Structure formats: C-alpha cells, structure tokens
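*Asks:* I am attaching a structure below and will ask some questions about it afterwards.
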There are 2 protein chains.
Amino acid sequence: MSGDDRLPKSSAADYCVGGPAIILVKPQLGENIGMVSRAMLNCGLNDLRLVNPRDGWSYEKAEKAAAGSDVVLNNLKVFDTTEEALADLNHVFATTARGRDMNKPVVTPRKAADMMAGQAQGGGKAGILFGRESRGLHNDDIVLSDTTVMVPLNPGYLSLNLAQAVLIMGYEWYQTQVDAPELRMGVKGETRQATKQELVGFFEHLDDCLTTTGFYFPPEKVPTMKQNLRNMFQRAQLTEQEVKTFRGILSSFMKFRRQAKDRPK
Amino acid sequence: MSGDDRLPKSSAADYCVGGPAIILVKPQLGENIGMVSRAMLNCGLNDLRLVNPRDGWSYEKAEKAAAGSDVVLNNLKVFDTTEEALADLNHVFATTARGRDMNKPVVTPRKAADMMAGQAQGGGKAGILFGRESRGLHNDDIVLSDTTVMVPLNPGYLSLNLAQAVLIMGYEWYQTQVDAPELRMGVKGETRQATKQELVGFFEHLDDCLTTTGFYFPPEKVPTMKQNLRNMFQRAQLTEQEVKTFRGILSSFMKFRRQAKDRPK
C-alpha cells in the first residue's frame, strides 16, 4: 500500500469505466481536492466536478496532494451551481454524517454501491454529492438527490475528511466491479499446493520416524496423537515443496541419530 | 461527513471495543500518524502501536492531523521491534499493495474483517501490520503474520496513503460490528409512511378530478393511464403528510376552476 507500487500512469485511466461522478460542493482547500483526486483514481473514478470552490480552482494547489492522479485533475470540471453539476446525471446520492429531517431513503455505502452498479447496467449515470469540509451539504443540495448515504462509523466520532469519505464510497463502488476471490492461497514461484497423496506419504514417513524414536506412547493414545498431528499439518496448507522440506528434516534427524549410534564409543 | 458533527469526545472511546490493534512499522511522518489516529477513532479502534518510527514519536507532530482523536494518541505504544509489538496478539494480518512471492493466504479487507470478528468471538486478539509510507512492509515483517491482505483497487494506481489504508481496514472491521439496515426510509419529524388506505383514497380523489377535467381520454386507454399513475405514486413512497398535501393541491385546482366558472362573464 505504498508509493512505489504503481504501474505507469497511462494504464491507471484504463480502469476508470462507468463509475459515478464525484461532486464536491463548495470545497474549501485545494489540497483536499488533490487528495480526493488520488482517492478517486485508486477506485477507478475519473469524473470529478466542483461546485463553486471557495478559493476558485487552482491546479497548482491540488497537484502535490494528488500524487500523480493527473488523469482525474485534467478531466475536472467546475460549475457555478449544484443543479448544473448534476444536469446530465440520472441518479444522485448525497452523503451526510448526521441524519437529516427529510423524507428520503437512507442507505449504507455498500447498498449505494450496489444500487449504482445496478443503475449503470440500466444505462443510468450516477453521481455522489459531498459537502464542504466544515459543514457538509446544505439541505437545498440534498433535495436534488434521490438517496442519502450515511457511513456506519463510531457514533462518538463521525468526522471524516473529504478524501476519506470519497475513498469509502469509491472503494465500495470498486468492489462491485471486481471479481477477486475473498481468500486465495498465495503460492511461491515454482511450487503448488501439495496433493493429498504427497501429504499422506509425509504422514506415513512421520509415523515411521516417531515409532522408531519411541514418541508414540502410550499405545492407547497413539490413534489420537496421529489424528492431532495430521490435523495440524492439514491446517498448515503445505505446498509440494514444503512437504519435501519436512521430509528432508525428518531424514536429517534420523541420519543424525544413526551417526550417533554408529560412532565408536 | 464533516467536522461539526461529532458528539462530545468522551463518548467516542465508548465505541472502541474489541477491535484489532493497528501496528505501523517504521512510519516516517508524524502527520501521517495523526491521520491514522483519526481514521482509527472513526472506526472504533484505539490500540495504535508504532515500531521504530523514523523520527521518533512526537505527540506534537501528530496532534494537528489527529483532529481530536486524543483517546487514540494517549493510548499509543512504541516498540523497537515488530516481534515485541505483536507479542500479545493471536492473529496478525499484513497489508500489502503488491503480491509477495510467499506461501501465505491472501484475503480481501472484507474477508479479513470477517475473520477478525470470528477470532474476537473465540477470545483471540488480532492486529494489522502496515508498512512505511515509501516501501510498505519488509518480508521479515510479513512472515510474522498469519495472513496477507490486499485491497482490490485500480491495478494501475494502487498507491494508498497510510491513513487511507488504515481507514479501509477499520471501516470493514466496523461494518462487522454494526447492525444498521442497508436501506431505511427517512421520515421527517411528526409524520409516517402513508397507509395503503390513505393512498387509495388519494388515487380515487385523483381519478374523480381527472375525470371531471376530461384528462382521462380516450376511454380504452383509461385503465392503463390509471395504472401508470398509481405505479408512479407508489414508487414515490409517500408519507401521510404528503398524501394530504397532494389532496390539497387537487382541491386547489378544482376550486380555482369553480371560481373561474362562477365568475360573471
């Protein structure tokens, strides 16, 4: 998760397809706009819109915090009103930290992402509204949206900075777009997961050695001892190479023992 | 999602229960430590550990970016080695942006959160390792962990800052702890969702008015016209008060029409 891991920037834009527009209403700090740009590109989003930024729009002030997310900043658009910024959108979500006294559906970021993915399949273009750093969205902006989004977070400390709020929404959206398995077994270089035949061969080798050393005692406990050892090694999810390594370790112990026996007294 | 929405700080700590420790290995900037502290408190986490911070540990350098998350900074511990920082933990996750050539399970943040929640129920304490800003974790740290975590993000732009990486892990963990409905209907103040009887009363009122005005024409299309109107108003999820408002609007049109008729020519 660090700075030297990116591919050439030219490819970053290739992953920005079909995501929601991010609309910042009256953002105050250029640095925050840069950080939003970075969070957006992380999440494959490149449609950034500003409504009436407090200090105007300055590429220079945003650039450093944007950390190379130029494809987003170069695509940025500035509008005078929220109405203009939303004009081409079909579905708009408004983010709020506190509940508003309004007749409007309230969803989690995960549900919003699911809704946006469904809307995109129907050909609709979605956008997400974020308020200014100090006060959030005005109710006049929220009534332009279809749905409000509240992030379930520590109720005693809900304050998220702008880029973090954008990151959570973008992250959830991106998760609807990827097909990554929740859990996969990393396997190093040339090797692969062991087959059950290789594992059983190892278990039998281990049994032979431990029978020879006298570890398997008393006899009535041996079946349970063997089961426990097998379960432990199953849990370790050994690779083919690791099975070979363990068998090598067993052989080194046995050889060491033979050498001791053979040594002249 | 903005700064003025927090409850008194004293209550923020009450929501920090049972979460994973966050371990920053060789963090470089005090400001980043402060931003991590803020992201942690957002997510109900208060166990922050530093391993060998580059510039030592300075409360002052972290404080501004920490935005009032003192309960985390005051609880912070500094260690010389990763081994010491992990000593009391049962399960450790290591975050990486790029795949490492290692035989170790790789999970998404969501899966990691699910595993941590399960481990906490079994009485185990979990921790999450984050590497330094510029280079991520060293392989010697990763081998101290049970599981690696990779965030599915734009493959062309994976660079997350430290606080953002912590936020995503903390956010996913917090989602396992809350029981918020994905979607709820916000209802303003005194009102409530309309009953079906109230809606049908409105539909019949509308039918009467539109029959009077001659809108329902030609006769063979009237059943479909009525169905379309009813579906549109069902979709709007009206409240009791909104039904009354619409009926008031209908009455105002009809009264206006009667006045016009009654006016002397």
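Each reported figure results from applying straightforward, stated rules to the coordinates on display, with no laboratory input. Keep in mind that what you see is a predicted model, and the values were worked out from it rather than measured. Backbone-built Cβ (ideal geometry, glycine too); neighbour counts: all protein chains shown.
*Asks:* Any idea what the dipole of segment B:196-262 comes to, in debye rounded to 20, about its Cα centre with Lys/Arg Cβ at +1 and Asp/Glu Cβ at -1? Walk me through the intermediate numbers first.
*Replies:* Working: 11 positive and 8 negative charges, 29 e Å.
So the magnitude is around 140 debye.
*Asks:* Quick query: amide H of A:Y157 versus all other amide H atoms, modeled in the peptide plane; which residues come in under 5 Å with a sequence gap of 5 or more or a different chain?
*Replies:* Those lying under 5 Å, H to H, from A:Y157 are B:L7.
*Asks:* Follow-up question, since we're still on this one. Need the full-extension length gain, B:K221 to B:A236, defined as separation in residues times 0.36 nm minus the C-alpha distance. One decimal, nm. Walk me through the numbers on the way to the answer.
*Replies:* Values: separation 15, 0.36 × 15 = 5.40 nm, distance 2.32 nm.
Contour length minus Cα-Cα distance gives 3.1 nm.
*Asks:* Follow-up question, since we're still on this one. Summing Lys, Arg as +1 and Asp, Glu as -1, what charge do residues with Cβ under 13 Å from the Cβ of B:R247 carry, B:R247 excluded?
*Replies:* Around B:R247, the charge tally is -4.
*Asks:* Identify all aspartates and glutamates with a Cα-Cα distance to B:K196 below 20 Å; exclude those on the same chain that are fewer than 8 residues away in sequence.
*Replies:* Within the straight-line cut-off, B:K196 pairs with B:E204, B:D207, B:D208, B:E240, B:E242.
*Asks:* Any idea how far the Cα center of segment A:34-72 sits from the one of segment B:145-207, in Å?
*Replies:* So the separation of the two Cα centres works out to 25 Å.
*Asks:* Which of the GluC sites (Glu not before Pro) found in segment A:159-202 are loop residues per DSSP with 12 or fewer other Cβ atoms within 10 Å of their Cβ? Walk me through the numbers before you get to the answer.
*Replies:* Numbers: sites: A:E172, A:E182, A:E190, A:E198; in loops: A:E182, A:E190.
Those that pass, being in a loop and sparsely packed, are A:E190.
*Asks:* Whose amide H sits under 5 Å from the amide H of B:C16, counting only residues 5 or more places off or on another chain, with H placed in the peptide plane?
*Replies:* The answer is none.
*Asks:* Which net charge results for the neighbourhood of A:E182, defined as the other residues with beta-carbon distances under 14 angstrom from its beta-carbon, given Lys and Arg at +1 and Asp and Glu at -1? Display every interim value, and only then the final one.
*Replies:* Details: positive: A:R184, B:R110, B:K111; negative: A:D179, B:D114, B:E172.
Net of charged neighbours comes to 0.
*Asks:* Can I ask one more? Counting pairs of alpha carbon atoms under 8 Å apart in space and at least six apart in sequence, what relative contact order in percent does segment A:1-110 give?
*Replies:* Values: 140 pairs, mean separation 28.1, N = 110.
RCO, segment A:1-110: 26 percent.
*Asks:* Checking the a/c ratio against 1.5 first, then a/b against b/c, what shape does the Cα gyration tensor give for segment B:9-175? Walk me through the numbers on the way to the answer.
*Replies:* On the way: a/c = 1.41, a/b = 1.18, b/c = 1.19.
Rounded.
*Asks:* Oh, and also: Can you tell me, using C-alpha contacts under 8 Å and at least 6 residues apart, the relative contact order of segment A:45-144 as a whole percent? Mind showing how you got there, number by number?
*Replies:* Numbers: 87 pairs, mean separation 29.0, N = 100.
Averaging sequence separation for qualifying contacts and normalising by length gives 29 percent for segment A:45-144.
*Asks:* Could I ask something else about it? Among B:A94, B:M150, B:M35, pick out the residue whose Cα is farthest towards the positive end of the charge dipole of segment B:9-175, where Lys and Arg carry +1 and Asp and Glu carry -1 on C-beta, about the Cα centre.
*Replies:* About the Cα centre, the residue reaching furthest to the positive side is B:M150.
*Asks:* Between A:T148, A:T176, A:T212, where does the largest GNM mean-square fluctuation fall for chain A, given springs only between Cα atoms within less than 10 Å?
*Replies:* Maximum fluctuation in the GNM of chain A, among the listed residues, is at A:T212.
*Asks:* Among the chymotrypsin sites (Phe, Trp or Tyr not before Pro) in segment A:196-228, which ones are in a DSSP loop with at most 14 other Cβ atoms within 10 Å of the Cβ? Mind listing them? Intermediate values should be presented prior to the final figure.
*Replies:* On the way: sites: A:F202, A:F203, A:F215, A:Y216; in loops: A:F215, A:Y216.
Hits after loop and neighbour filter: A:F215.
*Asks:* Let me know the charge dipole size of chain B about its Cα centre in debye, to the nearest 20, where only the beta-carbon of Lys, Arg (+1) and Asp, Glu (-1) is charged.
*Replies:* Working: 33 positive and 31 negative charges, 357 e Å.
The calculated dipole for chain B is roughly 1720 debye.
*Asks:* OK, next. Ordered by residue, what ³J(HN,Hα) values in Hz, to whole numbers, does segment B:144-150 give under the Karplus form 6.51 cos²θ - 1.76 cosθ + 1.60, where θ = phi - 60° and Gly and Pro are x?
*Replies:* 7, 9, 7, 8, 9, 10, 10
*Asks:* Now for a separate question. With only Lys, Arg, Asp and Glu charged, each at its Cβ (+1 for the first two, -1 for the last two), find how big the charge dipole of segment B:1-152 is about the Cα centre; round to the nearest 20 debye.
*Replies:* Values: 17 positive and 19 negative charges, 73 e Å.
So the dipole magnitude of segment B:1-152 works out to roughly 360 debye.
*Asks:* Follow-up. If you count the DSSP beta bridges with both ends in the protein assembly as shown, what percent of them are antiparallel, to the nearest 5?
*Replies:* Details: 10 of 50 bridges.
Antiparallel bridges: around 20 percent, rounded to the nearest 5.
*Asks:* Answer rounded, prolate or oblate for segment B:196-262, using the Cα gyration tensor with square roots of eigenvalues a ≥ b ≥ c: rounded when a/c is under 1.5, else prolate when a/b is larger than b/c, else oblate. List each step's numbers first, then the result.
*Replies:* Numbers: a/c = 2.73, a/b = 1.13, b/c = 2.42.
The shape class here is oblate.
*Asks:* Copy-to-copy spacing for A:Q28, label 7 Å out on the Cα-to-C-beta vector, in nm, shortest first?
*Replies:* Those label-point separations list as 2.8 nm.
*Asks:* Counting alpha carbon pairs within less than 8 Å and at least 6 residues apart, what relative contact order, in whole percent, applies to chain A?
*Replies:* Details: 359 pairs, mean separation 49.6, N = 265.
For chain A, the relative contact order is 19 percent.
*Asks:* Would you grab the residues whose amide H sits under 5 Å from the one on B:C43? Only those 5+ places off in sequence or on another chain, please, with H modelled 1.01 Å from N.
*Replies:* A:N154
*Asks:* Structure shown: which of B:K188/B:K244; A:K64/B:K64; A:K125/B:K226; B:K104/B:K125 lie over 24 Å apart, alpha-carbon to alpha-carbon? Please list the in-between numbers first.
*Replies:* Values: B:K188/B:K244 15 Å; A:K64/B:K64 20 Å; A:K125/B:K226 30 Å; B:K104/B:K125 20 Å.
Check vs 24 Å cut-off fails for A:K125/B:K226.
*Asks:* Any idea what the B:Q259 label distances to the other copies are, label 7 Å down the Cα→Cβ vector, nm, shortest first?
*Replies:* Shortest to longest, the spacings are 11.0 nm.
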